[in-house]
Amino acid sequence: MASKPKYHLSIKTGSYTTKDGKTRSRWRKFATMMEKDDGGIYGFLDLTFSPAGVPHDADQSEAIFSFFPVDEVADDRLNQKKAPPVQQDDEGFKDDIPF
């Protein structure tokens, strides 16, 4: 059996208010912790993530992040249907470019 994702590591980047007035946290996943068959643990870090932009108090030099079990996380990117591919004519563009 191959390694499997165990946790998504996420940090709170802000909050928002829903249409019904509830305040919700906005989270940014920055890493995934994997578990090997032998129980070993390793992870994948999103190299485009910079913690410098995370809101924090001026006197803090650390940020708190959370571990969310993968089976409890709804990843919208995986749940969304992909758009059908755009069909093109076999002949391409026939018109002359007007400029």
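Please state which of the following conditions T18 fails to meet, knowing it meets all the rest: (1) at pLDDT 90 or above; (2) touching a His at 6+ places or on another chain (Cβ under 8 Å). Among (1) at pLDDT 90 or above; (2) touching a His at 6+ places or on another chain (Cβ under 8 Å), T18 violates only (2). Every condition in (1) under 18 Å from K12 (Cβ atoms); (2) at pLDDT 90 or above holds for H56 except the one numbered (2). Checking each residue in segment 10-46 for being outside any strand (DSSP E or B) and of a type in the set (S, T, N, Q) picks out only T18. Only one of (1) surrounded by 10 or more Cβ atoms within 10 Å (Cβ to Cβ); (2) hydroxyl-bearing (S, T, Y); (3) modelled with pLDDT under 90 is not met by S25, so which one is it? (3) is the only condition that S25 fails.
The values are calculated or read from the model by the stated rules, or taken from the named source; none is laboratory data. None of these values were measured; they are calculated from a predicted model. Cβ sites come from the backbone with ideal geometry, for glycine too, and all protein chains shown count toward neighbours.
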